[in-house]
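The values are calculated or read from the model by the stated rules, or taken from the named source; none is laboratory data. A quick note: this is a predicted structure, and the numbers were derived from the prediction, not measured. Cβ atoms come from the backbone with ideal geometry, glycine included; neighbour counts cover every protein chain shown.
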Amino acid sequence: MRRAVLLGLLVAAIVGGGLVTWSLTRGAPPKSQGVLETLEVHGEVPDFTLIERSGRRVTRPDLLEHVWVANFIYTQCKETCPLQSAQMARLQSEFSGEEDLRLVSISVDPVHDTPEVLSRYAEQFLADPLRWLFLTGEKREIYMLAKEGFRLGVVDPDDQVETGKLSQQFLPRPAVATHGSQGIVIHSSRFVLVDRRARIRAYHLPDDEDSLARLRENLKILLRER
């Protein structure tokens, strides 16, 4: 019954004039999008330990001294994730000469998205194994990292407490993704710009060319900083 209600809410949002992004955590970015795209310090990425598609362990210290763009995806997603990955591939191409840039895609479906699955997915986008990381790991750690670390919304359809909050809070952008035959995963589609000290400096939208243009300008500024 609860899942049927959730599906109804999503359909209503689509029919009503576009997908609605739901704020599923108190930590969702509270500011307007214009402010979020301005280089400030919006927080700091906490410690984490995840597994890259190559099988190697990746931690927060591994990304220090690098500028990085992070996002949350999963391989079975058919809506927001392919667009996000296509835009990340564009960034990889356009900034191919920047050795200090890292792209970091983190799966919100780690049970399915093993390193092997992520490797096959990454190949579709010609992802450089050194510069574009695809991370998986313990589900609880990933969801805590998304919510408490990056302050982005993400909800597992099997989490009855979290899905019950859907009708109570809203975010300004869509983040709806189907999860094969298993239900619906709702997660933020924002790109998060992180500096060399693991500080969150801006949030950008993958489906807005103006926002992406500002992301590129912000990237150039941070890559020049030492």
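Quick look at the numbers
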item: Residue within the range 90-106 that is surrounded by fewer than 18 Cβ atoms within 10 Å (Cβ to Cβ), touching a strand residue (DSSP E or B) at 6+ places or on another chain (Cβ under 9 Å) and under 23 Å from residue 212 (Cα atoms) present; result: yes
item: Selected residue [under 19 Å from the mean Cα position of the chain (by Cα), at pLDDT 95 or above, in a loop (DSSP other than H, G, I, E, B) and not aromatic (Phe, Trp, Tyr)] from 216, 196, 201; result: 196
item: Tally, over the range 64-94, of residues that are assigned to a loop (DSSP other than H, G, I, E, B) and over 26 Å from residue 148 (Cβ atoms); result: 1
item: Per-region count, the range 213-226, residues in contact with a Lys or Arg (Cβ under 8 Å, 6 or more places away or on another chain) and closer than 12 Å to residue 90 by Cβ; result: 0
item: Answer residue from the range 49-63, given it is in contact with a helix residue (DSSP H, G or I) (Cβ under 9 Å, 6 or more places away or on another chain) and of a type in the set (S, T, N, Q) and is farthest from residue 144 (Cα to Cα) among those; result: 54
item: Top-ranked residue in the range 51-74 [being within 15 Å of the chain's Cα centre (by Cα) and either modelled with pLDDT of 95 or more or within 22 Å of residue 198 (Cα to Cα) (or both); ranked as surrounded by the fewest Cβ atoms within 10 Å (Cβ to Cβ)]; result: 68
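For every residue, the table says whether it meets (1) over 22 Å from residue 205 (Cα atoms); (2) free of Cβ contacts under 8 Å to residues at least 12 places away in the same chain; (3) in contact with an Asp or Glu (Cβ under 8 Å, 6 or more places away or on another chain); (4) not aliphatic (A, V, I, L, M).
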position	(1), (2), (3), (4)
44	no, no, no, yes
48	yes, no, yes, yes
66	no, no, yes, yes
76	no, no, yes, yes
91	no, no, no, no
